[in-house]
Each structure stands twice: as C-alpha cells, then as structure tokens.
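Written out below as structure tokens is the structure these notes cover.
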C-alpha cells in the first residue's frame, strides 16, 4: 500500500511539471516555434532551437494588443531594466533582433529569422507588459 502512495505522489508531480507554463524543453525538428502572447505571459513550444532559420508562429490569445520581440541578451528573463513603463530597446546588454509589431487579439502572426547561437528573451515590450511577466527564455545552439 505504501508503494501505491509513492507512485501516486510521483505521478502528481510529473503531471504538475508537465502543466507548467512558459517554455518547453523540446526542440522543433523543422525550425518552427509556435506560441502565444496573452495577458501577462509569453509561451512557446520550444526552449531550445538549432542556430539558423527559425520561424515563429505567434497567436495573440489575449484580449488586448501585444507585440513579440526577439531579444538577444545574457540578462535573465525578466531582468532587463525597465525605464518608466518599458525597457529601452537600444539599452546596453540587449540586441533586438526583430519583432512582430503590436497585433490585435485573435490574430496569428509569423516572423522568420536567422538566429546565431546564444541566449534570447522572447518578450512583449508594450507599456507595462514586460514588467507584468510577458517574457520567456530561448536558447539557440
């Protein structure tokens, strides 16, 4: 009977870990990353991608407009210093590679980039959105 409890508890931990939001640890086989932006989160289906051509397919599943920036930086997710209600996109220690400008709720937009190895943040930098939690990490190997 004790074994049943251990397995049940372990199963709950595994299921809970699988339901966590943010970035998956999977790697896309074709260089396509799908994800969503919504109040107050950026989620993608891969946390690591091979260097080279990467296609982002991003849906705005929120109720207001959002943007999607790909930022190369060694700063931890959520750690880019905010000035006022957003971070300066030309700040030291970050390079904005490209972006999908603000797009309305219910739309899906694509962005195709060639990415070099390194650490990135995928963010929304509209006023107060980054500070509210709209960021996630991406590693390019």
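Odds and ends about this structure:
- Residues of the stretch 104-136 classified as over 25 Å from residue 63 (Cβ atoms) and assigned to a strand (DSSP E or B), total: 7
- From 82, 49, 54, 70, residue being within 15 Å of residue 134 (Cα to Cα) and in contact (Cβ under 8 Å) with a residue 60 or more places away in the chain: 70
- Test: residue in the stretch 21-30 that is buried (at least 17 other Cβ atoms within 10 Å of the Cβ), outside any helix (DSSP H, G or I) and modelled with pLDDT of 60 or more: yes
- Sole residue being without any contact (Cβ under 8 Å) to a residue 12 or more places away in the chain and over 19 Å from residue 47 (Cα atoms), chosen from 107, 102, 92: 92
- The residues of the stretch 85-116 that are over 16 Å from the mean Cα position of the chain (by Cα) and more than 18 Å from residue 130 (Cβ to Cβ), listed by number, are 104, 105, 106, 107, 114, 116.
The values are calculated or read from the model by the stated rules, or taken from the named source; none is laboratory data. Since this is a predicted model, take the numbers as computed values, not measurements. Counting neighbours? That spans all protein chains shown, and the Cβs are built from the backbone with ideal geometry, glycine included.
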